[in-house]
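Some notes on the structure that comes next.
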Amino acid sequence: MPKMTTEHAKDSKKAFRAFFKSLKSFRFVIILSLVFAAASGVLSLFSPSILGNMTNSAVSSIAETGHLDFEPIKIAAIQLGVIYAIIAILTYLENYLLARTTLFYTERLRTEIITKISKLPISYFDKVPFGDTLSILNNDVDVLWNALSEGFAQIITNLTTIIGCLVMMFIISPLLALVAIVVVPLSTFAVAKIAKRAQKHFVAQRKVLGELNSHVEEDYSGQIIIKSNSHEQKSFANFQAANEKLYTDSWKAQFLGSLAFPLVHMFTNIGYVAICILGGNMVLSGALLIGSIQAFIQYLSRFNQPLSNLSEIVATVQLTLAASERVFNFLALPEEAPDPEPSKTVKNIKGAIEFHDVCFSYDKKNPIIKHFSAKIEPGAQVAIVGPTGAGKTTIINLLMRFYDPDSGYITIDGVPTSEMKRSDVRALFGMVLQDTWLFSGSVKDNLKYGRKSAKLSEIRTATKATGIDHLIESMKDGYNATISEDSDNISAGEKQLLTIARAMVENPPMMILDEATSNVDTRAEQKIQDAFEKLTRGRTSFVIAHRLSTIRSADLILVMKDGNIVEQGNHDTLLKQNGFYAELYNSQFADTEA
Amino acid sequence: MLKLFRYLKPYWWQVVLLILSIGGQTYLTLQLPALMADIVNQGIVTGDQNYILATGLKMLIFALAASLCALIAHFFSSRIGAAFSRDLRADFYQKVLSLSVSEIDNFSTASLITRTTNDIGQVQQAIMMMLTMLLRAPMMGLGAIFQAYQTAPDMTWTIAAGVGAIIFFSIIILGLAMPKFKIYQKLIDKITLIARENLTGLRVIRAFNNEAHEQQKFGHANHELTKTGLFIDRLMALQDPLLGLIFNGVTLGIVWISIGRLESDASYLGDMIAFVQYATHVLMSFLILTMLFIILPRANVSAGRINEVMKVKPKIHWKDTTEGNPDKTPSVEFKNVAFAYAGAEANVLENISFIAKAGETTAFIGSTGSGKSTLISLVPRFYETTEGEILVDGLNIKDYAKDDLMKRIGYVPQRGILFSGVIKNNILFGTDDLDDKNVKKSARVAQAENFIEKLEEKYNAHIAEKGTNVSGGQKQRLSIARAIAKHPEIYIFDDSFSALDMKTDKKLREALKPETKDSVVLIVAQRISTIKDAEQIIVLDQGKIVGKGKHKELLKNCKEYREIVKSQVSEQEFAKELKNA
């Protein structure tokens, strides 16, 4: 697909300044390369003129003396040879220096972005889809890469060429130069006009393409419904309507978009012919030498090239500004509040956790948790229950300090977590979530993720306890086998077991678990439950509970509804209250009388 | 790529016109330098003003005509390219819809979507490039060589030397850089992978305090990328200056030789000017060709991905018309059915036999992976049985025409699937009964009426793409309404009630009763409460039927059923249940 130019930076000046500022440490090399680019541009301007002079001196020496005086021609040829060599060297240096600088620059940019990711509050990523951030890292950095490695130099070269050619043409013949100047803006004007119309179709094309995309996505994922309702013909007709529209917009956009080149070419040719006729007559009248026409024509064609690139350059600049805005706005996002200095730590952890009048909201507007207080004894099991979407992970977010309460505080063994370093708080908890995140790497490295110093024997103990030691050993490379989140050599249940083993290797004083085990077969589920039990034994633990046995044996049940903690207590007291918990519990086996 | 060329066939006459206009453009463009030489040699040298004007005008006409030809060529290439991709896309779409569920699973929906849009777009660009550049470059190159030879045969070697140099250096530079390019691409993928992992594992990484570790990992790959990039750039930076040297060198050579011959033949003056331009055309053409050899193979990958889908032979063959006479009374019968996924060794289902009668509910229960969803998706032939046969209304499903079988079935999937459009059209998706009464009644039975009536535009309210503007439960109720509106003989509910809360579940089943009094109802469920009143409950475990009967019978004699019940109720209630049984 051709580059789209519909993206505009919201604040071009700011975007430009930010981009410029980020280049500061490379200033010297960039300026040097651009000087090289300008120098080679200027030098190459001499070539047509010297070539023309060669012809002129040959023609005049033959006309005057009847034979050819080769000396001045030889000198000119040597001059040219030297100029060509210098141009080549300058171009190489410019290319290489810029490419090198760009590589260093983008490396730094990517590092800044990935560092930024680790410093942004989790709330940012709960709001902004991952794709956006990835696109900044991939596409936008790429656009800046392009601008720096080619764009700048291209602009400089084009500018020198346009100005230089104009000067040279005027030196050769002001009259012919005027003709050229009249013809050329015509072509620029025509190109701009057409580019604008093409733009309209490109935008339409993109819109229809988006429409078609959603059609396809919807129909492919709803294929069984289309099939079982015999809706194929009608669905196809809908698809075809968008497809037909795409055809029209696509060919028009492509056609108009491809016109710039032949158009400029046409105007060049018109200029070319006019110069031939006019210049020919001027040679006859003795106002011009034949070699000068030869040179003039070369200048004319060089003059035109950058002009046909003009719309492309404008598009590149717009893309660059838009990309730079996204990159530098991202890098300027507010980071997580810094850890307190000096910070407190918990020594000889017992695992007593207390919520003190905690209030929390995700958007600072709609309070979700209101004045929640609870005291959890060391080693107690806390079950968090509630229907799907009730916000059970909010508690985890607060405990792990992924989010901080709006008011109130949480203490661990009496120390407020807000007065501790985040990393110190998190080190106290092990976490096994429903989302079985594993990074692509060896089984061993994944299991050691929570404690890099773990010995293989310790890892084995953990895999044995979770019952996946056989599976790992049956893999081709054993503990060195490569796995990843989407690797299909292990099942979802086995991935879950690996994350449990990972938490066991870490061996933290407290645990946070999510019992939900979707997409797991019955036998793996039993293993996971057993492993969970081993993991929570003797540790203060928070479990997002789905199983009745867990809930019934919990020391404290937090009942959640619509984000809020509506009830707390143990199973028996909650049942007696006959509130939401009782309703929830009974719904597992409702209307026994029916 | 070549296989896809058949899509050009309907536009063959446009292709012919395109080739003709490119030929014309090439021919006319190549005449210009010759005419220029004529002006110099015959006009200027002899001092003939009229000749200059006449030839000049001729040049102007040629130039305009050449531009017109180029315009026509672009017109056709744009149209052919767009038409090509439209036709290919339409075929591809129909192909995908004709695939069976297991075939679609093989490719994954996401990948099929990319193939329909991106890959076909890539191929379209390639076709357009072929139709213009790939056609023009050789014509222009060969034509220019011919013209150059005509102008001055003894200077043609300069062009040959230039072409030789271009090919030589391209091979060396690309030969050295290409392997590194592949490494570079892999490193880019690696960097993206690590970044993606950093985002998807945000919480885990922070929980394990591994931010610094991840940054180090990323930094390592990032630096590796820069190092590889440096090697490539050191080579690629050579390309521009070398090409410049070749172009300039050839020009200088031509001027040098021509000037040397001016003494003996004055016509070398005009010839020189023409020859330089021919040389430029030849070198440019070769340059474009080398470029195309790098670009086009990429489109080939896309073409391969498209063909991969197009060449799939559907495993399920439907009869054109139903062969045999289905019974008037609906029924579904499984006779010793076994099923295995393609390529899998073990059967997912084995030895499944049962009869589901009209006016009765047959329910399936079992743990995850017991095969209950697979079982009922065999009835609409989403998958093909490996052994045994399934009879619908007494007739083997393999003897039905597709639409004849489907019109008997109202299928409600696990997850509510809706299509963008108004609510009404979603409900009427599978039926010919387009009456508003039907819409309202179906919504009422499916317990969807309440929330629809609350919407401002009621039944004309818009459903966003994939139904993202309605909740999961609402989606599910609309899905059920869609099945009811069809008045099917056989209802299939694939765990369709779990997204509903208890009360709605109960109400819905009560409202559904009179609707289904003459129909077969097959229902997969997780909650005992949903199915305990069913006339027939089939308990599945690891693909086999381990119990068949009513709730109370199964409580007495099916171990697996008892376990399921036990896991869902308290001990006291369980004891009560057992006593009642």
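Under 15 Å from a label point set 7 Å out along the Cα-to-Cβ vector of B:Ala90, the amide N atoms of the stretch A:199-233 belong to A:233.
Are there DSSP H segments in chain B that both extend 15 Å or more along their axis (alpha-carbon positions) and score a mean Kyte-Doolittle hydropathy of at least -0.5? List them, or say none. Mind dumping the intermediate values first?
Numbers: long enough: B:12-38 (39 Å, 1.03); B:49-98 (73 Å, 0.74); B:135-151 (24 Å, 0.48); B:156-200 (62 Å, 1.00); B:211-236 (36 Å, -0.83); B:239-262 (35 Å, 1.15); B:268-310 (61 Å, 1.11); B:472-485 (20 Å, -0.24); B:502-515 (20 Å, -1.54).
Span-like helices here: B:12-38, B:49-98, B:135-151, B:156-200, B:239-262, B:268-310, B:472-485.
In this Cβ point-charge picture (+1 for Lys and Arg, -1 for Asp and Glu), the protein assembly as shown has a dipole of about 940 debye about its Cα centre. Choose one of A:Gly493, A:Ser474, A:Val505: the residue whose Cα lies farthest towards the positive end of the charge dipole of the stretch A:437-507 (beta-carbon charges +1 Lys, Arg; -1 Asp, Glu; about the Cα centre). Going by the Cα projections, it comes out as A:Val505. Relative to the longest principal axis of the Cα atoms of chain A, the long axis of helix A:290-331 makes an angle of roughly 10 degrees.
What stretch of chain A, leaving out the sites themselves, is the longest with no GluC sites (Glu not before Pro) in a DSSP loop having at most 14 other Cβ atoms within 10 Å?
On the way: sites that count: A:Glu335, A:Glu593.
Formally, the longest exposed-site-free interval is A:1-334.
Within chain B, what's the longest stretch lacking GluC sites (Glu not before Pro) that sit in DSSP loops with no more than 12 other Cβ atoms inside 10 Å? Mind showing how you got there, number by number?
Numbers: sites that count: B:Glu323, B:Glu345, B:Glu456, B:Glu457.
The longest such stretch corresponds to B:1-322.
Inverting the pair-averaged 1/r between distinct Cα atoms of the protein assembly as shown gives 35.7 Å as its Kirkwood hydrodynamic radius.
Structure note, pairs A:Lys227/B:Lys424; B:Lys372/B:Lys440; A:Lys252/B:Lys95: Cα-Cα distances above 26 angstrom occur for B:Lys372/B:Lys440; A:Lys252/B:Lys95.
When both bridge partners sit in the protein assembly as shown, DSSP labels roughly 50% of those beta bridges antiparallel. Counting only Cβ charges, +1 for Lys and Arg and -1 for Asp and Glu, the dipole size of chain B around its Cα centre is about 1500 debye. Per residue of peptide B:93-99, the mean number of Cβ atoms on other chains within 10 Å of the residue Cβ is 5.
Taking every residue in A:529-536 and counting other chain Cβ atoms within 10 Å of its Cβ, the average works out to 0.
Counted by Cβ distance under 15 Å from A:Leu43, the other residues give a net charge of -1, where Lys and Arg count +1 and Asp and Glu count -1. Only alpha carbons enter this Debye calculation for the stretch B:270-400, each as an equal point scatterer, and the log10 of I(q)/I(0) it gives at q = 0.10, 0.15 Å⁻¹ is -0.54, -0.87. Entry for the stretch B:255-305 at q = 0.15 Å⁻¹: log10 I(q)/I(0) = -0.57, Debye formula applied to identical alpha-carbon scatterers, no solvent contribution. The trypsin sites (Lys or Arg not before Pro) of the stretch A:10-79 that meet both conditions, a loop assignment by DSSP and at most 12 other Cβ atoms within 10 Å of the site Cβ, are A:Lys10.
Which whole number of Å³ per residue matches the convex hull of the alpha-carbon atoms in chain A?
On the way: hull volume 147.0 nm³, N = 594.
Roughly 247 Å³ of hull volume per residue.
Under the combined filter of DSSP loop state and at most 15 neighbouring Cβ atoms within 10 Å, the stretch B:282-359 retains these trypsin sites (Lys or Arg not before Pro): B:Lys311, B:Lys315, B:Lys328.
Computed about the Cα centre, the dipole magnitude for the stretch A:1-72 is approximately 1160 debye when only Lys and Arg (+1) and Asp and Glu (-1) carry charge, each at its Cβ. Between the Cα long axis of helix A:27-65 and the first principal axis of chain A there is an angle of about 20°, rounded to the nearest 10.
Just the C-alpha atoms of the stretch A:437-507: what Rg/Rh do they give, with Rh taken as the Kirkwood radius?
Working: Rg = 10.5 Å, Rh = 11.6 Å.
With Rh from the inverse mean 1/r over Cα pairs, Rg/Rh is 0.91.
With angles folded into 0 to 90 degrees, how steeply does helix A:522-536 sit against the dominant principal axis of chain A? Use alpha carbons for both and round to 10. Result, in degrees: 80.
Sparsely packed loop sites in the stretch A:349-390 (the trypsin sites (Lys or Arg not before Pro) outside DSSP H, G, I, E and B with at most 15 other Cβ atoms within 10 Å) comprise A:Lys350, A:Lys364, A:Lys365.
Among the listed pairs B:Lys335/B:Lys513; B:Lys507/B:Lys532; B:Lys402/B:Lys475; B:Lys328/B:Lys507; A:Lys448/A:Lys476; A:Lys534/A:Lys561, a Cα-Cα separation exceeding 18 Å is found for B:Lys335/B:Lys513; B:Lys402/B:Lys475; B:Lys328/B:Lys507; A:Lys448/A:Lys476; A:Lys534/A:Lys561. The fraction of Cα-Cα pairs per 10 angstrom bin, counted from 0 for chain B, comes to 3, 12, 15, 16, 14, 12, 10, 8, 6, 3, 1, 0, 0 percent, rounded to whole percents. Less than 5 angstrom separates the built amide H of B:Leu540 from those of B:Ile365, B:Gly366, B:Val546, all sequence-distant by 5 or more or on a different chain. Seen from every direction in turn and averaged, the convex hull around the alpha carbons of the stretch A:174-287 projects onto 8.7 nm².
Shielding value for A:211-219 is 6, the average number of Cβ atoms from other chains within 10 Å of each residue's Cβ.
In µm²/s, what is D for the stretch B:2-310 at 25 °C and 0.890 mPa s, where D = kT/(6 pi eta Rh) by Stokes-Einstein and Rh is the Kirkwood radius from Cα pairs? Translational D for this selection: 103 µm²/s. Rounded to the nearest 0.05, what FRET efficiency is calculated for B:Leu193 and A:Leu178 with R0 set to 51 Å and r the Cβ-Cβ distance? Efficiency at R0 = 51 Å is approximately 0.30.
Readers should treat all values here as calculations from the given coordinates under stated rules, not as data from a laboratory. Computed from a prediction, not measured in an experiment: that's the story for all the values here. All Cβ positions, glycine included, derive from the backbone under ideal geometry; neighbour counts span all protein chains shown.
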